[in-house]
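Encoded as structure tokens, the structure appears first; notes follow it.
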Amino acid sequence: MAKRRKGNTTTILLSSVLLITSISGCSTAGTKEDTTGKGDTQNTPAPTPASINKPVELTVYSAPGDSEESWNERFGDPIRKKYPNISFKFINPRNNDAQKLQNLLVAGTTIDIYYESIGGFFVNVPQYNLQQDLSPLIKKYNVDLNAFEPTLIDAMKTNSSGQIWGLPVNNNNMVMYYNKDIFDRFGVPYPKDGMTWDEAIDMSQQFNKSVEGSKYAGLAVSPNHILRMNQFSLPLVDSKTTKTTFADEKWKTLLQTMFVRPAASEGYKDKIRSLSNKLPYATEFTRTQDLAMYVHQSNLPFIDSTYKTTNFNIVSLPTFKDMPGIGSQAYPTFFTVPANSQFKEEAFQAIQYLVSGEYQMAYSKKGVMPVLKDDSYKKVFATETEYKDVNFSAVFRNQFAPIPSKTAYDGLAEGALTSQFIDLSLGNVDVNSVLRKAEEDGNLKIESEKLKK
């Protein structure tokens, strides 16, 4: 159990596990997995080149801006242990204009491994002509794409005209966290796996009140993530027309469910006002601890140290009653070998190891969501973490919603919508007006962006 300890607010860690906008047998990627549930031994794969005999330095570009320490702990050290002749030149572009991708490419820098979460991968990779079809290397090194969670590979093909530009190395989805101390204080039974949104929202209304000078809220979601990873598989922008999709009626259902109904009571609106017109979010869940339920990505306990001082648990993401068992979209991080790499074979072998059963099993135990679909990887999830009594099986209860197409304009459309969520939750504007304005503003911003190119 994660016990709550009072004290100074702790900060988000970027050490043992990476936050990525955000995360198989022997050393062969996607080979036949052990389905016995033991997990540490794998079936012998077909022979593949498994050694790198000459020293090689691979240049790694971290699009998320991870620290080199985090890279080494999470990726670099395991690769070097497997392939001692590999070393890395690590590039972190955060707060360093000279290290920005466009500047490096103009200067003639070649990159051997590039990684980024799905939110930016399909924008930046083609924008900077880094893409290449890895299918020949996948075939040469016996990578079994059928071993991966299907939506991850489907998303790659959907967004790359059927090619394979990269492989998913870690994954993420959405769950619902709840603060056990708040539930105990209010005398409300804990949430359960398999709840519908109707049930979760009804439950949340019991907390929207002031108690002993503290204003409580029942349920809040991460706005950006619930849009990007929505259960209806709605794209933000139509990839063919490059227009926003906000005319789709399902957007209305989504906004009503996530932002209107949870905030229907005056007590919830009072909470928003007390936060200087902000929606309850991470601070209210783990720091001030006056938010009962919080919907966000499933990796938070492993990247945010405040969960160590919060008496929390998790359940599966609530589902829509007419879509039972359908959870959020996956949010993977893809690794690729850019077209200008000087060491394509060696770089691919390094990535191949990161999607191997050996690596995926080891890091699933550490709380990194695996990309391989066999249940043996899911059964050991987070078993080697400090969270011994947390219901981590909830992470895998729902089926992934399909991932739609991504465009370079998704961020513009998303911003046109999220900018109105405060007024929507306060009841100052209705859903139809929000969607109309988001459609108009989003399309204008998209057209303006096109003129810059």
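Return yes when SER214 is open to solvent by 10 Å² or more (accessible area, probe 1.4 Å), in contact with a helix residue (DSSP H, G or I) (Cβ under 9 Å, 6 or more places away or on another chain) and among the small types (Gly, Ala, Ser) and no when it is not. Steps first, please.
Values: open to solvent by 10 Å² or more (accessible area, probe 1.4 Å): yes; in contact with a helix residue (DSSP H, G or I) (Cβ under 9 Å, 6 or more places away or on another chain): no; among the small types (Gly, Ala, Ser): yes.
No; evaluated as a whole, the condition is false for this residue.
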* Is there a residue in the stretch 410-419 that is touching a Phe, Trp or Tyr at 6+ places or on another chain (Cβ under 6 Å) and on the phi < 0 side of the Ramachandran plot? -> no
* Structure fact -> Of the listed residues (PHE381, PHE335), the one being modelled with pLDDT of 95 or more, buried (at least 19 other Cβ atoms within 10 Å of the Cβ) and in a strand (DSSP E or B) is PHE335
* Got at least one residue in the stretch 393-411 being among the aromatic types (Phe, Trp, Tyr), crowded, with 19+ Cβ neighbours inside 10 Å and either modelled with pLDDT under 95 or over 30 Å from TYR178 (Cα atoms) (or both)? -> yes
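I'd like to verify a number: residues in the stretch 61-118 that are part of a strand (DSSP E or B) and under 21 Å from the mean Cα position of the chain (by Cα), how many? Talk me through it step by step, then tell me what you get.
Here is the first cut: in the stretch 61-118, the residues part of a strand (DSSP E or B) are 61-62, 86-91, 113-117.
Still in the list and also under 21 Å from the mean Cα position of the chain (by Cα): 61-62, 113-117.
The number of residues fulfilling the criteria is 7.
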* Looking only at the stretch 402-442, count how many residues are within 21 Å of VAL123 (Cβ to Cβ) and outside any helix (DSSP H, G or I). => 9
* Which numbered condition trips up MET258, out of (1) aliphatic (A, V, I, L, M); (2) under 29 Å from ASN443 (Cα atoms); (3) assigned to a strand (DSSP E or B)? -> (3)
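Out of the stretch 160-208, which residues are of a type in the set (S, T, N, Q) and open to solvent by 50 Å² or more (accessible area, probe 1.4 Å)? Full working, then the answer.
Step one: of the stretch 160-208, the residues of a type in the set (S, T, N, Q) are 160-161, 163, 170-173, 179, 196, 204-206, 208.
The answer is SER161, GLN163, GLN205, GLN206.
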* May I ask you to list the residues in the stretch 246-265 that are surrounded by 23 or more Cβ atoms within 10 Å (Cβ to Cβ) and among the small types (Gly, Ala, Ser)? => ALA263
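The values are calculated or read from the model by the stated rules, or taken from the named source; none is laboratory data. Values in this document were obtained by computation on a predicted structure and should not be read as measured data. Every residue, glycine as well, gets a Cβ built from its backbone with ideal geometry; the counts of neighbours run over all protein chains shown. These area figures cover heavy atoms from the full protein model, side chains too; ligands, DNA and RNA do not enter into them. Shrake-Rupley method; radii C 1.70, N 1.55, O 1.52, S 1.80 Å.
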